[in-house]
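Notes for the one structure printed next.
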Amino acid sequence: MTIATREEVWNTLSSLDCTDHIITDDDGIQIIQVMSAHALMMSVYPEYTYEFLPDSHGRELHYLEDGSAEVRLVMTVAGNSKTVSLPIHRNTQAIKNPSAWDLNTAKQRLRVRAMGEFGLAHNLWIKQSANEPEYLDEYPAAEQATDSSMADDYWAEADLDSCTNLRALERRHNRYLNALRTSKIDDDPYAEAYEKLKELKLELWESAK
């Protein structure tokens, strides 16, 4: 493995010509794709490594008190390590209860940001217009789900109508309520529907005895 001082690493990476790998998005912000950044790193330090740091539960994101989260990474280049972090965000706004897609996007952003800490395309992070450069993913960003749409999905997944006894009905309903709580959805839009369904099911089961 190549060993170099931090200064040598910085001088090497900051001197790389990234012109052909930098593009400008629709908002006029210059960005670099993660695979382009990776290719540049591999051209000079092919043994560089990175590792996302897990929380105490083994998850690759760290929740904060307000429900938002950040990702943390340690990158090692030529024997030099740096630990960096980045909030999971969309349009510079921190995301509460981030989805798997949000986490994946943040992880790729952080990889590029860590490379910048070592000098690669570091000029992209010199704030010129108050906005941090964005990671350009190969796919469009998914729209953030609303409380209503999430509740609809949880209700449909519970499939309470197929329950054949009261115990199963209550068990599935509890799972549905737990899903709402996990997503911090305070209002249950299906509370009335559940009571009506339960009443109908009880009548049906009673008549079948």
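Taking all pairs of different Cα atoms in region 147-207, averaging 1/r and flipping that mean, what Kirkwood radius in angstroms comes out?
11.9
If you take the beta carbon distance between GLU157 and GLU117 as r and set R0 to 45 Å, what does 1/(1 + (r/R0)^6) give as a FRET efficiency, to the nearest 0.05?
Computed FRET efficiency for GLU157 and GLU117 comes out at 0.60.
For the chain, what does the helix formula give at 222 nm: sum of -39500 (n - 2.57) over DSSP H segments with n ≥ 4, over the residue count, nearest 500 deg cm²/dmol?
-13000 deg cm²/dmol
Angle check, please: helix 34-44 long axis (alpha carbons) against the longest principal axis of the chain (alpha carbons), in degrees 0 to 90, nearest 10.
Its long axis makes an angle of about 30 degrees.
Just subtract the alpha-carbon distance of ARG171 and THR92 from 0.36 nm times their residue separation and send over the number in nm, one decimal.
Difference between extended and current length: 24.5 nm.
Got a sec to turn the phi values of region 10-21 into Karplus ³J(HN,Hα) couplings, 6.51 cos²θ - 1.76 cosθ + 1.60 with θ = phi - 60°, whole Hz, x for Gly and Pro?
4, 4, 5, 6, 6, 8, 5, 7, 9, 3, 6, 9
By its C-alpha gyration tensor, with a ≥ b ≥ c as the square roots of the eigenvalues, how is region 6-125 shaped: rounded for a/c under 1.5, else prolate for a/b larger than b/c, else oblate?
oblate
Efficiency by 1/(1 + (r/R0)^6): what FRET value for LEU204 and ILE29, r their Cβ-Cβ distance, R0 = 45 Å, to the nearest 0.05?
It comes to 0.15.
Each residue of region 150-161 in order: what ³J(HN,Hα) in whole Hz does its phi give by Karplus 6.51 cos²θ - 1.76 cosθ + 1.60, θ = phi - 60°, with x for Gly and Pro?
Residue by residue, region 150-161 yields 5, 5, 4, 5, 5, 5, 5, 5, 5, 6, 5, 5 Hz.
Bear in mind these aren't lab numbers, they're just calculated from the coordinates by the rules spelled out. This is a predicted model, so every value here is computed, not measured. When we count neighbours, we look across all protein chains shown, and the Cβ atoms used for this are built from the backbone with ideal geometry, even at glycine.
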